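The values are calculated or read from the model by the stated rules, or taken from the named source; none is laboratory data. As the structure is a computational prediction, the values presented were derived from the model and not from experiment. Quick reminder, even Gly has a Cβ in these numbers, built from the backbone with ideal geometry, and neighbours come from all protein chains shown.
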Amino acid sequence: MTEVAIDEKLRDMAKHRGLKLVKSRRRKPGVGDYGKFGLTDAAGKPLLGIGAQGLEASAQDIEAYLRAGAASTWKASAESTPARPVSTARPAGGKDGGDQDLVSAIPPGAKRRSGEQPETPGRGYSKDRRKAEEPPIDRHKHAAKAAAIVSSVSRPNDRRSDPAPVPEPKLLIRPAKAADAEALVLLVRQLSAVKLDELGVARNLKAALKAEAGMAVAEFGEVVGCCAWAVIPTIQHGLVGRLTLLLVAQAYRRKGIATALVDEAVTSLRKAGCTRLEAMSDIDVKNAHNFFRTLKFEQTSYRFARSIAPE
């Protein structure tokens, strides 16, 4: 089932990028290209790991190639997005300058007599006469310009308007899924004795879910915590729930996230028929003993552990 989980993960990654995953048909380890993979495009053209002697790429090679391809595709999409064109629309109410903007310098109704020269400004040219001959103010034109200015300032879709504020993320507790493996790697690496990559976390998560163990993650805009539990049948206590993992990212601790994850585990274990809950004291929570005491846990025993070496 572990190999099947890896195959499904790589096949889904290739499918999302329009590619096809090719897997070796060898069933015996050490024979030919057993355990190797290759990639082709949608038309069947070889892209990676397909040689004359068979398939050559490992699962890690395929995953690295697909992740690099996703990053370059995103960058090309961002660079090819055209900039928003600048609006060249005229302000509301504006008109091209033309004959309507020209006002005759001759006062309305004035008649020029035959042979009479127009009067030029001189020493006797009065202020009243000069004011009377000035062109009248076009009040409609000024009102239209003012309306255009107000419209350009208050227009809701204008590029210069402030962007809408980003909503504050809310805490969400939900069941874990296979796609969370990448985010869970960053959390698990907080444990000093654990060295796992994304595929290792994906294998263990698949096995835990198959064994009917439970796991929840905490989202706060991103995955910031996780909690895993299992149902242990015992002779003396019947079904006992046990917390096997409780992790919260360093920057999000002391915000009630670990408590919310434990509450989710209790709800699930109660439905499974458990009447008792145990927590392993090496769970990575600062001041772990006091944390569990605040949740009404009691220290009832010591835990001994040893490694099981393969034969």
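Take the range 204-244 and flag every residue that is crowded, with 19+ Cβ neighbours inside 10 Å and touching a residue at least 60 places away in the same chain (Cβ under 8 Å).
LYS206, the sole residue that qualifies.
So, of the residues in the range 57-72 that are at pLDDT 85 or above and surrounded by fewer than 16 Cβ atoms within 10 Å (Cβ to Cβ), which turns out to be farthest from VAL31 (Cα to Cα)?
Restricting to residues being at pLDDT 85 or above and surrounded by fewer than 16 Cβ atoms within 10 Å (Cβ to Cβ), the top hit is ALA64.
For (1) in contact with a strand residue (DSSP E or B) (Cβ under 8 Å, 6 or more places away or on another chain); (2) not in a strand (DSSP E or B), each residue gets a yes or a no:
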residue	(1), (2)
GLU8	no, yes
GLY18	no, yes
LEU21	yes, no
ARG26	no, yes
GLY30	no, yes
GLY35	no, yes
ALA42	yes, yes
ASP61	yes, yes
TYR65	yes, yes
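Before we move on, is LEU247 outside any helix (DSSP H, G or I), under 28 Å from the mean Cα position of the chain (by Cα) and in contact (Cβ under 8 Å) with a residue 40 or more places away in the chain?
So LEU247 fits the description; yes.
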